[in-house]
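Novice: Sharing a structure, written as structure tokens. Questions coming.
The values are calculated or read from the model by the stated rules, or taken from the named source; none is laboratory data. Owing to the predicted nature of the structure, the values given are computational and were not obtained by experimental measurement. Because the Cβ atoms are built from the backbone with ideal geometry, glycine has one as well, and the counts that use them run over all protein chains shown.
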Amino acid sequence: MGNTYIDNLDLPGLAVVFNRCRSCSYVTIDTAFGNGCPNCRAAQGTNELLHFSFDTYALLELLADSHLRRLTDNRHNTQLLATVIFFCSLTEVLLYHFLVNLMDQKRIDRNVQKRLLSDNLTIKQRVDRLFPTLTDQSWKEAIKRINANSKLYDYSKTINFYTQFAAPARNKFLHEGDKWVISEDIAENCILHARRLVCFFVELHNKYIADEKSKRQS
């Protein structure tokens, strides 16, 4: 994986370039499967599937569309709002799918999964309570671990942007109707951090799902 390749993709393209190996669950960009899975060497063409679901693709497409409209549409404030709302939704969807995949990897019963998710509805509850329950590590520790081994981005900046700027602005608009709280800078950073967010959840998956599966099989 490399920054240049990812940075040159359009946003919806991010959802379709990451493949997951059926054997070891390792996720990487599709071109890396040219000689089989780069992690377990399972044969190319018979063992990989798209990692991200349609809702991820749809949100990335909506983000890209709102960004384009923001540059060309007279309804400028509307597109600022849309960009931030779609970015926050993308964060929540990526976290949801990560947690479901993690619970599947741990062979947690689906009814138990539903209860765990319903008991932890907000993103804060899911990272502060559910994530540590499933991994025996705090969310902050996980970010540090991913950053220490990543060759791509400083993901702490992306997570901080969501928690300190994007989510508060989205919530203030939704709960107080303050459309002026969303600035041009916040909307522009949503586009920048969307790519990094996708890559963060790929690396999170590989660390806490693919690596753990490989350990069990060895």
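Novice: If you scan region 146-162, which residues turn out to be surrounded by fewer than 15 Cβ atoms within 10 Å (Cβ to Cβ) and part of a helix (DSSP H, G or I)?
Specialist: Result: Ala148, Asn149, Ser156, Lys157, Asn160.
Novice: Could you tell me which numbered condition Gln137 fails, if it satisfies all but one of (1) free of Cβ contacts under 8 Å to residues at least 40 places away in the same chain; (2) of a type in the set (S, T, N, Q); (3) within 22 Å of Ser25 (Cα to Cα); (4) assigned to a helix (DSSP H, G or I)?
Specialist: (4) is the only condition that Gln137 fails.
Novice: Taking the conditions exactly as written (part of a helix (DSSP H, G or I), over 21 Å from Pro12 (Cα atoms) and at pLDDT below 95), does Asn77 satisfy them or not?
Specialist: yes
Novice: Under 6 Å by Cβ, and 6 or more places apart or on different chains, what pairs join a residue from region 13-30 that is in contact (Cβ under 8 Å) with a residue 24 or more places away in the chain with one that is acidic (Asp, Glu)?
Specialist: What qualifies is Asn19/Asp30; Asn19/Glu48; Cys21/Glu48.
Novice: While we're on this one: Scanning region 38-59 for residues that are small (Gly, Ala, Ser) and closer than 25 Å to Glu92 by Cα, which turns out modelled with the lowest pLDDT?
Specialist: Checked region 38-59; the qualifying residue modelled with the lowest pLDDT is Ser53.
Novice: Of everything in region 107-124, what is farther than 16 Å from Ile159 by Cβ, assigned to a helix (DSSP H, G or I) and either at pLDDT below 95 or not hydroxyl-bearing (Ser, Thr, Tyr) (or both)? Give them in sequence order.
Specialist: Those that are farther than 16 Å from Ile159 by Cβ, assigned to a helix (DSSP H, G or I) and either at pLDDT below 95 or not hydroxyl-bearing (Ser, Thr, Tyr) (or both): Arg110, Asn111, Val112, Gln113, Lys114, Arg115, Leu116, Leu117, Asp119.
Novice: Next question. So, in region 8-37, how many residues would count as being modelled with pLDDT under 75 and exposed (fewer than 14 other Cβ atoms within 10 Å of the Cβ)?
Specialist: Looking only at that region, the number is 5.
Novice: For region 82-115, which residues satisfy the criterion of being farther than 25 Å from Cys190 by Cα and either surrounded by fewer than 17 Cβ atoms within 10 Å (Cβ to Cβ) or hydroxyl-bearing (Ser, Thr, Tyr) (or both)?
Specialist: Asp104, Lys106, Arg107, Ile108, Asp109, Arg110, Asn111, Val112, Gln113, Lys114, Arg115
Novice: Let me ask something else about it. Could you check Leu94 against (1) over 23 Å from Leu14 (Cβ atoms); (2) modelled with pLDDT of 95 or more and say which number it fails?
Specialist: Condition (1) is where Leu94 drops out.
Novice: Looking at Arg70, is it under 20 Å from the mean Cα position of the chain (by Cα) and modelled with pLDDT under 95?
Specialist: When the stated conditions are applied, Arg70 does not pass them.
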